[in-house]
Amino acid sequence: MSDDRTKALEYFHSHQDAFLNNLIELLRIPSVSTDPEHKTDMLQAAEWLAGQLACLGFANAQVMPTGLHPVVYAEHLQAGPGAPTLLMYGHYDVQPADPYELWQTPPFEPSVRGDCLYARGASDMKGQVLAILSAVECVLQDHLPVNLKFFLEGEEEIGSPSLDEFLSSHVDLLKADVVINLDSGMLDPQTPAITTNLRGLAAFELRVSGPAHDLHSGVFGGTVHNPAQALAELLAGMHDENGYITLPGYYDSVDVLNEEERRQLNASPFGDSFYQTASGVPQLWGEKDYSALERTGTRPTLEVNGILSGFTGAGTKTVIPAQAMAKITCRLVSHQDPEKVHKQMRAWLEQNAPATIHWELDYLGGGQAFAADLHLPALKAFSQALEIVWGHSPLYMRQGGSIPVAPAMKQALGLDSVLSGFGLPDDNQHAPNEKLHLPTWYRGIETLIHFFYLVK
């Protein structure tokens, strides 16, 4: 191991408390992107990060305006043209903290209990951003062997509405060799992971209406098709009895796993029992010919995210509601096009919606699936760094979620992404009592130190 890497690691071990205090300071800023009342907090968080980067010696550290919340940009290019340039992605915005009464300690007053730090944003993803900054500080005790550019957005938790325009307008500024994105995670503290596949997304709002206004169910019941019932029938019909989606052509672009791919995927220790235990359901459900790992990692889905109709208060109100609404999202796999899925959804409704109701379908947007380049030098280097710190090779994971920024970076900038991170499944991201497992976080910082010296 080189002397400069040894120096960086020694600095890391002697400054862990300082790194934690830095993170706590950032977590105190309630940078909730969806709430207009926190607009000044969003700016404060962006300025705090830009200030940290400037203090580390990054040039051009600035807060750049967008249509909503600003982007933080900074660069350190002193390694020269022969060294790789890494675009470090992160987001500083967080989810709302409600319901507040379920938090054991206030969400924006960080609290260390045992091995964990509790606060909104601790895991998703201020902790991941500060892991990078901490590692950079350690390496800069000598010299940084790579060129770094930071791109930290403030709109990830609301779907990154300004992202596409910002990327297309700053192609030259964001030129790099690869994107490093730590907005993924691990399955447990002993199993480091790199995410190789993510699903895309198509989102919809389906509205069903019938009578001009709510009706007396005693007078009109049995003569008018209840919109709530009609909506439930339509939603139920989007799957068959074996869990398969019935939209026409939905599976036409879906790749079929060969037996070797299925064997490798199901070799993971996190199989059906993991999903059943983690979810708390009495029995798993889904496409009958596939395991839970196959369903979440390689198969598309259609989920009802919410339903609203009629009277839901205490007691009884005997009405036939005039309207009903459902939110629907489809998780998509490689080669599925969200726009095409929109057409398939509309075609299914045209074929199956009864003449007794009116329906409207709004397409709320979507994104492409992500598949990593497994031969990417940066991915191999990150894998090697994880193996050094954890003592064994990382798990290559297919995840069921979506990280739209990864395909967006590919489309706008032509850049592949390395997706990893040091969050855990039980970190309560987006829920009360969000936490960061500190021993894993410290190992993450150490991993990044090694990575900066290994990547070529």
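So that you can scan it fast, the table gives a plain yes or no per residue for (1) crowded, with 17+ Cβ neighbours inside 10 Å; (2) over 28 Å from Ala385 (Cβ atoms):
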site: Phe19; (1), (2): yes, no
site: Thr34; (1), (2): no, yes
site: Met42; (1), (2): yes, yes
site: Leu86; (1), (2): yes, no
site: Pro96; (1), (2): no, yes
site: Glu109; (1), (2): no, yes
Give the residue, chosen from Gly414, Gly401, that is under 21 Å from Pro338 (Cβ atoms), without any contact (Cβ under 8 Å) to a residue 40 or more places away in the chain and in the same structural domain as Val32 (by TED's automatic domain parsing). Gly414
Single condition Gly51 does not satisfy, out of (1) among the small types (Gly, Ala, Ser); (2) under 30 Å from Tyr100 (Cα atoms); (3) surrounded by fewer than 17 Cβ atoms within 10 Å (Cβ to Cβ): (2)
If I ask for residues that are of a type in the set (Phe, Trp, Tyr) and surrounded by fewer than 21 Cβ atoms within 10 Å (Cβ to Cβ), which ones from the stretch 372-412 would you list? Trp390, Tyr396
What number of residues within the stretch 130-141 are touching a Gly at 6+ places or on another chain (Cβ under 8 Å) and under 16 Å from Leu438 (Cβ atoms)? 1
Yes or no: Ser383 hydroxyl-bearing (Ser, Thr, Tyr) and at pLDDT 95 or above? yes
Condition (residue is touching a residue at least 40 places away in the same chain (Cβ under 8 Å), in a helix (DSSP H, G or I) and either under 18 Å from the mean Cα position of the chain (by Cα) or buried (at least 19 other Cβ atoms within 10 Å of the Cβ) (or both)) applied to the stretch 425-437: is it met by at least one residue? no
Could you check the stretch 48-69 and list, in sequence order, the residues that are assigned to a loop (DSSP other than H, G, I, E, B) and within 19 Å of Glu25 (Cβ to Cβ)? Leu56, Phe58
Filter the stretch 165-206 down to the residues that are among the basic types (Lys, Arg) and surrounded by fewer than 18 Cβ atoms within 10 Å (Cβ to Cβ) and list them by number. Lys175
Of the residues Glu294, Glu260, which is in the same structural domain as Arg207 (by TED's automatic domain parsing) and touching a residue at least 24 places away in the same chain (Cβ under 8 Å)? Glu294
Tell me, please, whether a residue that is touching a Ser or Thr at 6+ places or on another chain (Cβ under 9 Å), exposed (fewer than 14 other Cβ atoms within 10 Å of the Cβ) and among the β-branched types (Val, Ile, Thr) can be found in the stretch 342-362. no
Conditions: (1) among the hydrophobic types (A, V, I, L, M, F, W, C); (2) within 21 Å of Gln429 (Cα to Cα); (3) modelled with pLDDT of 95 or more. Met186 meets all but one. Number of the miss? (3)
Counting only residues that are closer than 27 Å to Gly159 by Cβ, out of contact with any Lys or Arg (no Cβ under 7 Å at 6 or more places or on another chain), aliphatic (A, V, I, L, M) and not in a loop (DSSP other than H, G, I, E, B), how many does the stretch 89-132 have? 5
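Is it the case that some residue within the stretch 283-291 is touching a residue at least 60 places away in the same chain (Cβ under 8 Å), out of contact with any helix residue (DSSP H, G or I) (no Cβ under 7 Å at 6 or more places or on another chain) and polar (S, T, N, Q)?
Looking through the stretch 283-291, none of the residues is touching a residue at least 60 places away in the same chain (Cβ under 8 Å), out of contact with any helix residue (DSSP H, G or I) (no Cβ under 7 Å at 6 or more places or on another chain) and polar (S, T, N, Q).
The values are calculated or read from the model by the stated rules, or taken from the named source; none is laboratory data. Remember, it's a predicted structure, so these values are computed and weren't measured experimentally. All Cβ positions, glycine included, derive from the backbone under ideal geometry; neighbour counts span all protein chains shown.
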